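Engineer: Below are the structure tokens for one structure; questions will follow.
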Amino acid sequence: MNKTDLINNISDKSGLTKRDVEAVLNGFLGEITEALQNGDKVQLIGFGTFETRKRSGRVGRNPQTGKTIEIPESNVPAFKAGNKLKEAVK
């Protein structure tokens, strides 16, 4: 399922227009993105938690040249599924 399919499904089930659903979905995703950029965690009870995690620096290898390179430490987004979501998927 892609974003368009999700918008269509929510619109059909809720009776809202596709434009309204898209505005809400874009707002939702924007708020999660902004919270993660600020280092905050977004917790939706029963669904899951969006957060950032530190990925430590490491040594990598350029596959074209074979030279080793330093890969710096970085923050990466992460999602941990909640119990209700885990049970629904089983």
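The values are calculated or read from the model by the stated rules, or taken from the named source; none is laboratory data. A quick note: this is a predicted structure, and the numbers were derived from the prediction, not measured. We place every Cβ from the backbone using ideal geometry, glycine too, and count neighbours over all the protein chains shown. Side chains are part of the model used for accessible areas, which takes the heavy atoms of the whole protein and leaves out ligands, DNA and RNA. Shrake-Rupley method; radii C 1.70, N 1.55, O 1.52, S 1.80 Å.
Engineer: Restricting the search to the stretch 69-80, which residues are open to solvent by 90 Å² or more (accessible area, probe 1.4 Å) and either more than 16 Å from the chain's Cα centre (by Cα) or of a type in the set (Phe, Trp, Tyr) (or both)?
Structural biologist: Scanning the stretch 69-80 gives GLU70, PRO72, GLU73.
Engineer: Return yes or no: is LEU36 among the hydrophobic types (A, V, I, L, M, F, W, C) and touching a residue at least 40 places away in the same chain (Cβ under 8 Å)?
Structural biologist: Yes, satisfied.
Engineer: Being in contact with a helix residue (DSSP H, G or I) (Cβ under 9 Å, 6 or more places away or on another chain), of a type in the set (D, E, K, R) and part of a helix (DSSP H, G or I): is that true of GLU87 here?
Structural biologist: No; evaluated as a whole, the condition is false for this residue.
Engineer: Of all residues in the stretch 9-60, count the ones that are part of a helix (DSSP H, G or I) and under 22 Å from VAL89 (Cα atoms).
Structural biologist: Selection size over the stretch 9-60: 3.
Engineer: From (1) within 12 Å of the chain's Cα centre (by Cα); (2) open to solvent by less than 100 Å² (accessible area, probe 1.4 Å); (3) under 22 Å from THR4 (Cα atoms), pick out the condition that doesn't hold for VAL21.
Structural biologist: (1)
Engineer: Could you please give the count of residues in the stretch 44-68 that are closer than 22 Å to ILE32 by Cα, out of contact with any strand residue (DSSP E or B) (no Cβ under 7 Å at 6 or more places or on another chain) and loosely packed, with under 10 Cβ neighbours inside 10 Å?
Structural biologist: The qualifying residues number 1.
Engineer: Can you tell me how many residues in the stretch 61-84 are more than 22 Å from GLY48 (Cβ to Cβ), in a loop (DSSP other than H, G, I, E, B) and not basic (Lys, Arg)?
Structural biologist: 7
Engineer: Oh, and also: Open to solvent by 50 Å² or more (accessible area, probe 1.4 Å), among the acidic types (Asp, Glu) and over 14 Å from the mean Cα position of the chain (by Cα): is that true of ASP12 in this structure?
Structural biologist: Working: open to solvent by 50 Å² or more (accessible area, probe 1.4 Å): yes; among the acidic types (Asp, Glu): yes; over 14 Å from the mean Cα position of the chain (by Cα): yes.
So ASP12 passes the test.
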